[in-house]
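Encoded as structure tokens, the structure appears first; notes follow it.
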Protein chains: 2
Amino acid sequence: MKATTERLDTVDVARLQSVLDGRWASIRNEVRGLVRSSPWLRSGSGLSTDAYRARVAEQARALSQTKGARLFFPKSSGGEGDIGGALTAFEMIALVDLSLLVKIGVQWGLFGGVIQNLGTPKHHERYLRHAMTMDLPGCFAMTETGHGSDVQSVRTTATYDPQRHQFVVHTPDDDARKDYIGNVAKDGRMAAVFAQLITMGKSRGVHVLLVPIRDEKGRPCPGVRIEDCGEKEGLNGVDNGRLWFDEVRVPRDALLDRYGTVAPDGTYSSPIENETKRFFTMLGTLIAGRISVSGAALSATKLAQTIAVRYGLGRRQFHAPGSDQEVILLDYLQHQRRLLPALATTYALHFAQESVVATLYELSSQTAGAERERRTLEALAAALKVATTWHATNTIQTCREACGGAGYLSVNQLPQLKADTDVFTTFEGDNTVLLQLVARGLLTNYREEFESLDTPSLVRFIADQAIGTVIERTAARPFADWIADTVPGSDKDTNLLDRKYHGRLFAWREKHAVETVARRLRKGMAQAGDAFAAFNAAQDHVLLAARAHIDRVVLERFVAAIDRCDDPDTKALLNKVCDLYVLSTLERDRAYFLEHGQLSAARAKAVILNVNRLCSELRPHARLLVDAFGIPEELITAPIA
Amino acid sequence: MKATTERLDTVDVARLQSVLDGRWASIRNEVRGLVRSSPWLRSGSGLSTDAYRARVAEQARALSQTKGARLFFPKSSGGEGDIGGALTAFEMIALVDLSLLVKIGVQWGLFGGVIQNLGTPKHHERYLRHAMTMDLPGCFAMTETGHGSDVQSVRTTATYDPQRHQFVVHTPDDDARKDYIGNVAKDGRMAAVFAQLITMGKSRGVHVLLVPIRDEKGRPCPGVRIEDCGEKEGLNGVDNGRLWFDEVRVPRDALLDRYGTVAPDGTYSSPIENETKRFFTMLGTLIAGRISVSGAALSATKLAQTIAVRYGLGRRQFHAPGSDQEVILLDYLQHQRRLLPALATTYALHFAQESVVATLYELSSQTAGAERERRTLEALAAALKVATTWHATNTIQTCREACGGAGYLSVNQLPQLKADTDVFTTFEGDNTVLLQLVARGLLTNYREEFESLDTPSLVRFIADQAIGTVIERTAARPFADWIADTVPGSDKDTNLLDRKYHGRLFAWREKHAVETVARRLRKGMAQAGDAFAAFNAAQDHVLLAARAHIDRVVLERFVAAIDRCDDPDTKALLNKVCDLYVLSTLERDRAYFLEHGQLSAARAKAVILNVNRLCSELRPHARLLVDAFGIPEELITAPIA
């Protein structure tokens, strides 16, 4: 380790930043340039809600004329069709203001995205360009008051009237009103409405229709009732609202009919027979939203960490014995422990996020096929959304506390970052529900390979809670081989910093947790005979398996990124950051490894001491590690930073 | 267990509430009555900062005419001198609005408290009545921008001028300005200023002086500069501000001189020789502030849990396989796991808090002596402040997430509770610094008994970071006996729900952690020869020892409260709540017990399964458990509750 430690002193911030900037570095730099040259591109934090909303709307309209908007949209609509670049630009815009990010995310990503993915050429031609330029401000009306996580059960109806060739969109009661919908309270003119499609007396499941909600003068359309959701904890620059439809009629071609269409006479047809599969296919195409939440969570975390690390390096408190100088906060072990493992985790998640963006970009260039890869990506995006958003919530809170009373002042940015990001663990899929989706993918694999999980209804229950998906396997090998191989080496022979050992340990835990879940489900079914009771009794283990999977995948992506790095000094530093990521994860979860004989007591204690050691070794590089995020100074407005 | 489980169904909410209401139940009921009959006693959340401040000031003035104010002040000043009742009333007022709680806490508790505790009869006669009635709005100017945790190093000076018999109060630079001071920005007229007292050319350490900051018309006094701290994350009903003094002159008797006085000629005298001891004695008398923060943290947590549990019982999501009804959120194991162990912890902390309040009340009736008991109480109050405020931060966050998007809307109260309580982990002593204080008490005991910790400078270093204190010992037995006794029984013979076993396990961990810290410090000194390096290398263990101590003490207080309960049904329910508190604590920290051979792997897994089982057994009583907090319905305004 000595050799690499010495090497770290020569790491250059620009080189490290270029590794972090990655494939879409040029986009990152364009947005940095735009931010620097655009004083209007600053947070509206502190404004009254009305003024904040107006400012964000104006910023969003201005951005709609820039490359950022064009990246997201296809060339056929005047865009540039670069989803990787678009998501990278979103990540950078998130540093400006998270309300702004959500506002454009709703407009381009959700409203534009649903038209792009679930519509057909007639919709694309009519609406995409206007969605891009924001001439048609749109909403994504999926969630209802009564159904958020369980979208398949929304109760808004769209009933086809073959006489007049129209759909009648209707809200049966308050529980079925659309709720928390961005862009509804003030700006939206058209909503993409998720509703149960009924034709010829038969329900065909959830479909999406474009429904005008305001006229050109901004007045609500007939039959449409709009309510403001009012003050929220954060994101008050976004005008969230509620929608009720009282038998609102829209023409037949308002239906986004890529995966299901209704003929003039009311006949329903779809390229996907199975209703649930159709539903999950439709939802699956909206993956970009979930990925951009991960990116935004990471951006907010990076900004908070930049502030907290700079403060921790400048602030002194308490004299050391026999010294006339007070101690720098970040020289305290505990302060290092609060900030540095989380910083290492941000690095790990950053590279995992980049790999997801890259994969989505690759797949978007293929017009068809690659179904398995798409399902795999959906699971990975869900897993990463869970990891990044809880990481953001925990880390920004810790950063606030690490800045003491100063961290509590709005001027120091942390309160806004906390408040804005808090809902990330809830929207675009509640994290607990997403964990179940990930676990379901793992179990499906397990069942496919072993045919031993004789509880299909259970797996279906878990599946029903989330979009269908398949979990990728390490190196695309059959699951059985992978399981056979992932036995960590003997405790004593292996260096605690051996990366292969790390990988085997993480993979072993994932495998063992999946096996245990399967066993517990089987046993539960045999005992209770009740699928829900069996599932519920094992739910803690279901979530554990999913979390173990996430940790393993994130580690793999981090290691792959380090392998790609060709500068030896930068590589040495990243390896140390990776060591801290792995060992702090092991430290947190060491009880599981101890309980299953994969860590001895002595080795578990060594893990703790190694975290301490790595913290002190990375302490001199803390400033470099946050500077390499490349956040424009214009956006680090906190006086304490 | 069967017998007690059946019994639980007959527990009555009123009986459980009366156990929780405890010794000052009548005060609790008086405040409940006041709240019900006073529509003006509602949260100002949602108002603009100016309007919010005005409303809180008005509420505080009105409360100053009620018994709540009188309880805190001595009979000699027209009060009722019941500190236990006063702190209980504070807890209840915290349910109304935390800004209001802080506003009256600053006025009565800190400003009134410092005059009461550090002043002499001349100050009491002149100011206490006006502090109580709020005719003299006061501030507590301790923290400076540069020194928050390390109050002993504040840099404001008060230099005695024997010619004019005055003190000259001065702020040498911006780092020494008073910062975050409540009541400064708008309402305060007099500040209790912490400053280095200098007389006859010699510094005598930190003392407190009463300095007028505004005249009767509200204009800043000459030489006093006032600045508004501006928007904060929460508590925006409190007007926090900054103060600079430019050679402001105050008369000699402005010095609160109970522990240090200056004769007209400038001669300094004090009943306490040692400057550090004097400083900590002065700070120690201000213990009520710290205890009231714990109470407020618990009140906010109870309100959040009431909202989340009610929502979890009303909300349904996802159909169970083969059922046409959707599942109630709180029927999911994971939802129980998120809410119920935290609820059990609130119960545990509630009883610990009550015991601290009762002890302070007992000690307050003694005019002198009981020094050891006072030091013990200080340590306990610090420990409990750490436990309650981090519990509040974590739990209110979880409650927000457990309420999904609805929890993000301001109307549902959780955002305000989150924002207001966030600073509790920082003010009245940063939690990390307080943990060190607790650990220092443990180490001092250890050294006193064993004379084996030959690193006095280290202990002093830890001591310097906080007020001096002594940790109580179990049943007042010598530490050595206690250590000898606390060896948990053999793993296999003992029932996992045996309360004596719980006590031994918690006590063993505390003892072992303290021993390890002592050993590490000794070893560190021997190796490094540098007290700071030795301390710093062991800091993680220092904090661990303190946390282990807190868990042990809280458990003891919970068990003592259950022992006092004479209704067998209520007692059975509380025992089950206590089981969940203990086992979820063991689950969280089971790695430590595994590493030290105090839990076998099989037993550690059994802990997890027992947490699941206890969650499902307490699930039917969730509503009862929150209803027994007795929060007035008028204050549960969240529509989702």
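The values are calculated or read from the model by the stated rules, or taken from the named source; none is laboratory data. Note that the coordinates shown come from a computational prediction; the quantities given were computed from them, not determined experimentally. Cβ sites come from the backbone with ideal geometry, for glycine too, and all protein chains shown count toward neighbours. Side chains included, ligands, DNA and RNA excluded: accessible areas come from the protein's heavy atoms. Shrake-Rupley method; radii C 1.70, N 1.55, O 1.52, S 1.80 Å.
I need the full set of residues from the stretch A:229-241 which are open to solvent by 10 Å² or more (accessible area, probe 1.4 Å) and either away from every other protein chain (no Cβ under 11 Å) or in contact with a helix residue (DSSP H, G or I) (Cβ under 7 Å, 6 or more places away or on another chain) (or both), in order please.
Within the stretch A:229-241, A:230, A:231, A:232, A:233, A:236 qualify.
If residue A:181 satisfies all but one of (1) buried (at least 24 other Cβ atoms within 10 Å of the Cβ); (2) within 14 Å of chain B (Cβ to nearest Cβ); (3) more than 26 Å from residue A:433 (Cα to Cα), what's the number of the condition it fails?
Against the list (1) buried (at least 24 other Cβ atoms within 10 Å of the Cβ); (2) within 14 Å of chain B (Cβ to nearest Cβ); (3) more than 26 Å from residue A:433 (Cα to Cα), residue A:181 comes up short only on (3).
Out of curiosity, is residue A:220 open to solvent by 50 Å² or more (accessible area, probe 1.4 Å), more than 14 Å from chain B (Cβ to nearest Cβ) and either within 30 Å of residue B:415 (Cβ to Cβ) or of a type in the set (A, V, I, L, M, F, W, C) (or both)?
Judged against the criteria, residue A:220 is a match.
Could you give every pair whose Cβ atoms fall below 7 Å, whose first residue belongs to the stretch B:37-55 and is closer than 16 Å to residue B:417 by Cα, and whose second residue is of a type outside the set (Asp, Glu) and in a loop (DSSP other than H, G, I, E, B), counting only separations of at least 6 or pairs across chains?
Cβ pairs passing all conditions: B:42/B:96; B:43/B:96; B:44/B:237; B:52/B:44; B:52/B:236; B:52/B:237.
Here is a list of conditions, (1) out of contact with any strand residue (DSSP E or B) (no Cβ under 7 Å at 6 or more places or on another chain); (2) surrounded by fewer than 23 Cβ atoms within 10 Å (Cβ to Cβ), and residue B:187 meets all of them except one; can you say which number that is?
(2)
Given the conditions (1) open to solvent by less than 10 Å² (accessible area, probe 1.4 Å); (2) away from every other protein chain (no Cβ under 14 Å); (3) within 20 Å of residue B:394 (Cβ to Cβ), report the number of the one that residue B:302 does not fulfil.
That leaves (1) as the condition not met.
Does the stretch A:606-641 hold any residues that are within 14 Å of another protein chain (Cβ to nearest Cβ) and either open to solvent by less than 40 Å² (accessible area, probe 1.4 Å) or touching a Lys or Arg at 6+ places or on another chain (Cβ under 9 Å) (or both), and which are they? If you could, list the steps in order and put the result at the bottom.
Initial filter on the stretch A:606-641 (within 14 Å of another protein chain (Cβ to nearest Cβ)): A:606-617, A:619, A:637-640.
Residues satisfying the conditions are A:606, A:607, A:608, A:610, A:611, A:612, A:614, A:615, A:617, A:637, A:638, A:640.
Any residue that is in contact with a strand residue (DSSP E or B) (Cβ under 9 Å, 6 or more places away or on another chain) and open to solvent by 30 Å² or more (accessible area, probe 1.4 Å) - is there at least one of those in the stretch A:284-299?
No.
Could you list, in sequence order, all residues of the stretch B:312-339 that are open to solvent by 30 Å² or more (accessible area, probe 1.4 Å), more than 7 Å from chain A (Cβ to nearest Cβ) and in a helix (DSSP H, G or I)?
Selection gives B:313, B:314, B:331, B:338.
Could you look through the stretch B:407-419, keep only residues that are more than 7 Å from chain A (Cβ to nearest Cβ) and farther than 30 Å from residue B:285 by Cα, and pick out the one that is surrounded by the most Cβ atoms within 10 Å (Cβ to Cβ)?
B:414
Given the stretch B:4-64, what helices (runs of 4 or more DSSP H) lie entirely inside it while holding 3 or more residues that are open to solvent by less than 50 Å² (accessible area, probe 1.4 Å) and under 16 Å from residue B:90 (Cα atoms)? Give the steps one after another, and end with the answer.
Numbers: elements: B:13-21, B:25-37, B:49-63.
Correct list: B:25-37, B:49-63.
Among the numbered conditions (1) over 28 Å from the mean Cα position of the chain (by Cα); (2) of a type outside the set (A, V, I, L, M, F, W, C); (3) not in a strand (DSSP E or B), tell me where residue B:305 comes up short.
(1)
May I ask you to say which residue of B:378, B:354, B:373 is away from every other protein chain (no Cβ under 14 Å), in a helix (DSSP H, G or I), acidic (Asp, Glu) and open to solvent by 40 Å² or more (accessible area, probe 1.4 Å)?
B:373
What pairs come out if I take residues in the stretch B:306-322 that are over 29 Å from residue B:392 (Cβ atoms) and pair them with residues that are assigned to a loop (DSSP other than H, G, I, E, B) whose C-beta lies under 7 Å away, six or more apart or interchain?
B:318/A:150; B:318/A:465
Looking at A:32, A:36, A:70, which is the one that is closer than 23 Å to residue A:413 by Cα, basic (Lys, Arg), in contact with a Gly (Cβ under 8 Å, 6 or more places away or on another chain) and away from chain B (no Cβ under 14 Å)?
Every option except A:32 fails the conditions.
Could you check the stretch A:420-440 and list, in sequence order, the residues that are at the interface with chain B (Cβ under 7 Å from one of its Cβ atoms) and in a helix (DSSP H, G or I)? Talk me through it step by step, then tell me what you get.
Pass one, the stretch A:420-440, residues at the interface with chain B (Cβ under 7 Å from one of its Cβ atoms): A:422-423, A:425-427, A:430, A:432.
If the condition is that a residue be at the interface with chain B (Cβ under 7 Å from one of its Cβ atoms) and in a helix (DSSP H, G or I), then A:422, A:423, A:425, A:432 are the ones that fit.
Restricting to the stretch A:433-445, name every residue that is buried (at least 24 other Cβ atoms within 10 Å of the Cβ) and within 17 Å of residue B:338 (Cα to Cα).
Hits for the stretch A:433-445 are A:434, A:435, A:436.
For the stretch A:485-586, list the helices (runs of 4 or more DSSP H) that sit wholly inside it and hold at least 1 residues that are under 26 Å from the mean Cα position of the chain (by Cα) and more than 14 Å from chain B (Cβ to nearest Cβ); which are they?
A:499-528, A:539-564
Taking the stretch A:510-535 on its own, how many of its residues are among the charged types (D, E, K, R) and open to solvent by less than 10 Å² (accessible area, probe 1.4 Å)?
Within the stretch A:510-535, the first condition is being among the charged types (D, E, K, R), and the residues that meet it are A:510-511, A:515, A:519-520, A:522-523, A:530.
Next cut, open to solvent by less than 10 Å² (accessible area, probe 1.4 Å) only: A:510.
Of the residues in that region, 1 qualify.
Residue A:76 versus (1) small (Gly, Ala, Ser); (2) over 21 Å from the mean Cα position of the chain (by Cα); (3) at pLDDT 95 or above: which is the lone unmet condition?
Failing condition for residue A:76: (3).
Check whether at least one residue in the stretch B:130-144 is surrounded by fewer than 22 Cβ atoms within 10 Å (Cβ to Cβ) and within 14 Å of chain A (Cβ to nearest Cβ), and report yes or no.
Scanning the stretch B:130-144, I find at least one residue that is surrounded by fewer than 22 Cβ atoms within 10 Å (Cβ to Cβ) and within 14 Å of chain A (Cβ to nearest Cβ), so the answer is yes.
Please work out if residue A:79 is in a loop (DSSP other than H, G, I, E, B) and within 14 Å of chain B (Cβ to nearest Cβ). Write out each step before concluding.
Working: in a loop (DSSP other than H, G, I, E, B): yes; within 14 Å of chain B (Cβ to nearest Cβ): no.
For residue A:79, the condition - in a loop (DSSP other than H, G, I, E, B) and within 14 Å of chain B (Cβ to nearest Cβ) - is not met.
Would the stretch B:449-456 turn up any residue that is within 11 Å of another protein chain (Cβ to nearest Cβ), at pLDDT below 65 and open to solvent by 40 Å² or more (accessible area, probe 1.4 Å)? Show your work before the answer.
Quick first cut of the stretch B:449-456, residues within 11 Å of another protein chain (Cβ to nearest Cβ) only: B:455-456.
Next cut, at pLDDT below 65 only: B:455-456.
So of that shortlist, the ones also open to solvent by 40 Å² or more (accessible area, probe 1.4 Å) come out as B:456.
Yes, that holds for at least one residue.
Kindly list the number of the only condition in (1) open to solvent by 10 Å² or more (accessible area, probe 1.4 Å); (2) touching a helix residue (DSSP H, G or I) at 6+ places or on another chain (Cβ under 8 Å); (3) at pLDDT 95 or above that fails for residue A:404.
(2)
Looking for something more than 10 Å from chain B (Cβ to nearest Cβ), more than 23 Å from residue B:405 (Cα to Cα) and without any contact (Cβ under 8 Å) to a residue 24 or more places away in the chain - is there at least one such residue anywhere in the stretch A:384-400?
no
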